[in-house]
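Notes to accompany the following structure.
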Amino acid sequence: MAELLPILADQTTSITELKKNPMEVVERSDGAPVAVLNRNRPAFYCLPAATYAAMLEHMEDLELALLARERESQEEIRVGLDDL
């Protein structure tokens, strides 16, 4: 039996409903992700382009913050402009 996945969105729609009018589903979501269900199980998530872009930017910020924390304890190397 397939693993039951949690629905990680407040709104859901069926694949059939998404096929009928995809833009309505996106507009109705008000920027939030929508879980698209197949046989009452999440198959994928649909979200507006602006929300996706914001998610990618946030993930990049988290990666940069982690990198900065990792480098905090590294020894500093003084470099003058003439050395560049």
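Asn40 falls short on exactly one of the conditions (1) exposed (fewer than 11 other Cβ atoms within 10 Å of the Cβ); (2) on the phi < 0 side of the Ramachandran plot, and that condition is (2). Inspect all residues belonging to segment 10-26 and state whether any of them is on the phi > 0 side of the Ramachandran plot and of a type outside the set (A, V, I, L, M). For segment 10-26, residues on the phi > 0 side of the Ramachandran plot and of a type outside the set (A, V, I, L, M): absent.
Give me the residue from segment 1-31 that is small (Gly, Ala, Ser) and at pLDDT below 95 and, out of that set, surrounded by the most Cβ atoms within 10 Å (Cβ to Cβ). Taking the candidates together, the pick is Ser29. Of the residues making up segment 73-84, those that are among the charged types (D, E, K, R) and in a loop (DSSP other than H, G, I, E, B) are Glu75, Glu76, Arg78.
The values are calculated or read from the model by the stated rules, or taken from the named source; none is laboratory data. Keep in mind it's a predicted model, so treat the numbers as computed, not measured. Every residue, glycine as well, gets a Cβ built from its backbone with ideal geometry; the counts of neighbours run over all protein chains shown.
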